[in-house]
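Take a look at the structure set out below.
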Amino acid sequence: MEWLFANAGTDFAPIIEALSRSDSSGLEMPCAVAVAHETVAVGMAHGYALATGRPQAVMLHVDVGVANGLVGLMNASRANVPMLFTSGRTPYTEAGLAGSRDLPIHWGQEMSDQTGLVREHVKWAFELARPEQLESAVERALAIATSPPQGPVYLSLPRETLAATWPGAESEAPEAVAASGAYPDPASIAATADLVAAAERPLVVSASCARADRPSLGAFAERFGLPVVEFWSGCQALSTEHPMHAGFDPGPRIAEADLVLALDVPVPWIPLRHQIPEACPVVHIGPDPTFSHLPLRGHRSSMAITSEVEPALGLLGEVLEGRSDFDGASRRRASERVSKRNEAERQERRERARQVPEDGIATRAWSSSVLDEVLGGEAWIFNELGCAADVMHLPEPGSLFGISIAGGLGWGVPAALGAQLADRDRLVVATVGDGSYVFANPVACHQTAQTLELPVLIVVFNNSGWEAVRGATLGLYPEGAAAAESRMPLSTLEPAPRFDKVVEASGGYGERVVEPGELEPALKRALAVVRDQRRQALVDVRIRFGR
C-alpha cells in the first residue's frame, strides 16, 4: 500500500503521534493524507485501485465516519475493488488506560455492533484487540482483499489498542498471500465449446475485466466471431474501435442471440427490458459465477463455470480449435460480418450525436461528441451519469471507468482524483451529472485536488435534475399524470448552483456553458489549464432534461 486516505477524529490521536515519530523510527509507512470528507477518501482509494490494481488503505472516524463512508464502500464491494477499510472505535473504558474516554462523544458514539454497519459489504471483518495482532491481521486482511473475487475488508481499531505500546516487528513476520484464481473445469469448458460451435448468433456480455483479461477477450472474440457488449461496465474491456465491440446496450443483440457467454457480469441483461429467446442457453464464467453475495438474482443460467476469465477463454479457445469440425475460414467470415455490423452501428450513433441542437439546448450525446473530439482518445474517463460513452472514441482498453451497480452517487470525481494520484502524467477526466457532482462533496474534492496538486478535468453534464428518477417514473407510468408534468415532482434541481465558482474557491479554473457553440472552446481552455498550468478545471455545460 502506498497511501492512507484518512478523515480523522479523536480516535486518531495515536495514529497522528506515530506519524510524527515515523521519520526517526525507520519504518516504511504509507503516505497519509487528510481528506476533508469520507466520500472522497473512499472514492480515491477506489480510483487508485482501478488505476493500479493495488489496494489502498482508508481510515475513518468511529461510527459517524463509517456511516459517511458506507456508500463508497458499497460501490467498492459490488465492483470487487480491493481496499483496506479501517476505522476507529469508541474507547471501551471510562478511565485507567491510555486512550480511555475523555469527551462526551465517547459515550454517544458507542455502538453495540459497529461492524454491523459494514458486514454485508466486506469480505472479512476484524476488531484489533491487542497490538500484538497487528501484523498478522493486516497481512490476512490484504490477502483476503486481493483473493478472487476481490473486494474490501474491514479492520476496527479501538483507541486503547491504538494507544498501547507496540511490541515491535516479530523476528519472523507472518506472511499471507492472495489465493490463486480458479481454473475452469475441463468438462464444463468442453460443453461450452459444443454450444459455441453450434451457435449462429452468439453474444458475449462483459461488465469489467482485469488487465490480463482484456487482450485475451479481444483476441478470443475476434478469432471466433463473437460480438462483445459491455453492460454497466466498471472498467472498459475492449477498445470501442475493436471490430468485435458491439456497444454498451445488450438489448438488440440479446433479443436475437442463440448463445450468451456472460463473463463475470452480475447483471447481463434486465429481464423487464430485454427479451432473451426462450431457447437461448446462457453460460456464466467468473470467480463467483452465481454471484452469491446478491440476495436476488434470477437470470437464466444453463451453466456456471468458476474460473478467472483469462484461463477460461484460453482453454475454451484451445478446445474449439482442436475440434474436428473447426472451420477457420467460416470463423473469419463470421468475424467479418460482426465487424461490419458493429462499425455501421457505431457510425450511425456518432453521426446522430453530431447533429447540432436546433433548440439551443445541448443534448448529452452531442456534448459527449464534442468532448470526445477535444480529448482525442487520450484520457482516462471516470463516468458517473455523465457522458454518453456509446458515441465516443475510446481506443485504449481500460480507459473508461463506470460506477458500480451499487449506484452510490458521488463516486466519479473522487475516483478520478485517486487515479490521477496514481498516474500524475495521465490526463484524467471525470464526467458526471449535476446530481452526482453534488453527492461527491465537491468542496472537499476540490480542496483535496488543490492540496495534492491533482489537475483533474471535471465536466458536469448539467440538466438541473435527476434524469434517472424521471426515467424510472416514465418507465413505470408512461401515460401517468407525472409524465404530463412540465416539471415532474421530486426530479428537478433548479435553480442550478454555479458549480464553476465552487472549483475557483480551491484555485481551480471554472466555466459555465449555456449555448452549445460555447462548449468546444470552453473545453479547450479548460484542457489547456489542466495540461499547461497543472491545475484542476471544471466545465459546467447545460444539457436538455428529459430527452
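The values are calculated or read from the model by the stated rules, or taken from the named source; none is laboratory data. Bear in mind that the values here come from a model prediction, so they are computed numbers and not experimental data. Backbone-built Cβ (ideal geometry, glycine too); neighbour counts: all protein chains shown. To get the accessible areas, we keep the full protein, side chains included, count just its heavy atoms, and leave off ligands, DNA and RNA. Shrake-Rupley method; radii C 1.70, N 1.55, O 1.52, S 1.80 Å.
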(message) Can you say whether GLY72 is in a helix (DSSP H, G or I) and not polar (S, T, N, Q), as far as the supplied structure shows?
(response) yes
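Conditions (1) open to solvent by 20 Å² or more (accessible area, probe 1.4 Å); (2) in contact (Cβ under 8 Å) with a residue 12 or more places away in the chain; (3) under 30 Å from THR165 (Cβ atoms), marked per residue:
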site	(1), (2), (3)
HIS37	yes, yes, no
GLY47	no, yes, no
GLY53	yes, yes, no
PHE85	no, yes, yes
THR90	no, yes, yes
HIS106	no, yes, yes
GLN114	no, yes, yes
(request) Report those strands (runs of 3 or more DSSP E) wholly inside the stretch 209-326 carrying at least 3 residues which are surrounded by 21 or more Cβ atoms within 10 Å (Cβ to Cβ). (result) 228-235, 259-263, 282-286
(request) Select, from ALA173, ALA198, the only residue that is of a type in the set (A, V, I, L, M), over 32 Å from the mean Cα position of the chain (by Cα) and at pLDDT 95 or above. (result) ALA198
(message) Restricting to the stretch 334-358, give me the number of residues that are out of contact with any Ser or Thr (no Cβ under 9 Å at 6 or more places or on another chain), closer than 22 Å to SER464 by Cβ and touching a residue at least 12 places away in the same chain (Cβ under 8 Å).
(response) 1
(message) Can you report the number of residues in the stretch 524-537 which are closer than 11 Å to VAL513 by Cβ and either hydroxyl-bearing (Ser, Thr, Tyr) or crowded, with 17+ Cβ neighbours inside 10 Å (or both)?
(response) 1
(message) Can you tell me how many residues within the stretch 5-35 are open to solvent by 70 Å² or more (accessible area, probe 1.4 Å), among the polar types (S, T, N, Q) and closer than 21 Å to GLY418 by Cβ?
(response) 0
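Would you confirm, using the coordinates I've provided, whether GLU345 is modelled with pLDDT under 95, over 30 Å from SER188 (Cα atoms) and not aliphatic (A, V, I, L, M)?
Details: modelled with pLDDT under 95: no; over 30 Å from SER188 (Cα atoms): yes; not aliphatic (A, V, I, L, M): yes.
When the stated conditions are applied, GLU345 does not pass them.
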(message) Name the residue that is nearest to LEU157 (Cα to Cα), counting only residues in the stretch 94-129 that are over 32 Å from the mean Cα position of the chain (by Cα) and among the hydrophobic types (A, V, I, L, M, F, W, C).
(response) ALA129
(request) Within the stretch 471-505, track down each residue that is closer than 26 Å to VAL459 by Cβ, among the aliphatic types (A, V, I, L, M) and modelled with pLDDT of 90 or more. (result) VAL502, VAL503, ALA505
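Take the stretch 445-487 and flag every residue that is hydrophobic (A, V, I, L, M, F, W, C), open to solvent by 10 Å² or more (accessible area, probe 1.4 Å) and out of contact with any Phe, Trp or Tyr (no Cβ under 8 Å at 6 or more places or on another chain).
Keep residues of the stretch 445-487 that are hydrophobic (A, V, I, L, M, F, W, C), which gives 445, 449, 452, 454, 456-461, 466, 468-469, 472, 474, 476, 481-484.
Okay, now just the ones that are also open to solvent by 10 Å² or more (accessible area, probe 1.4 Å), so 452, 466, 468-469, 472, 474, 476, 481-484.
Correct list: LEU452, TRP466, ALA468, VAL469, ALA472, LEU474, LEU476, ALA481, ALA482, ALA484.
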(request) Tell me, yes or no, whether the stretch 55-63 has at least one residue that is under 17 Å from the mean Cα position of the chain (by Cα), open to solvent by 40 Å² or more (accessible area, probe 1.4 Å), modelled with pLDDT of 95 or more and of a type in the set (Val, Ile, Thr). (result) no
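Check LEU454, LEU474 and return the single one that is of a type in the set (A, V, I, L, M) and over 22 Å from ALA49 (Cβ atoms).
Working: LEU454 fails: over 22 Å from ALA49 (Cβ atoms).
After ruling out the rest, the residue left standing is LEU474.
For (1) among the hydroxyl-bearing types (Ser, Thr, Tyr); (2) out of contact with any helix residue (DSSP H, G or I) (no Cβ under 8 Å at 6 or more places or on another chain), each residue gets a yes or a no:
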residue: GLY418; (1), (2): no, no
residue: GLY433; (1), (2): no, no
residue: TYR437; (1), (2): yes, no
residue: ALA444; (1), (2): no, no
residue: THR451; (1), (2): yes, yes
residue: GLU467; (1), (2): no, yes
residue: ARG470; (1), (2): no, yes
residue: PRO478; (1), (2): no, yes
residue: THR492; (1), (2): yes, yes
(request) Select, from ALA137, ALA141, ALA178, the only residue that is in a loop (DSSP other than H, G, I, E, B) and either modelled with pLDDT under 95 or under 21 Å from THR86 (Cα atoms) (or both). (result) ALA178
(request) Quick one: ASN383 ticks every box in (1) open to solvent by 50 Å² or more (accessible area, probe 1.4 Å); (2) closer than 17 Å to LEU238 by Cα; (3) in contact with a Ser or Thr (Cβ under 6 Å, 6 or more places away or on another chain) except a single one, so which number is it? (result) (1)
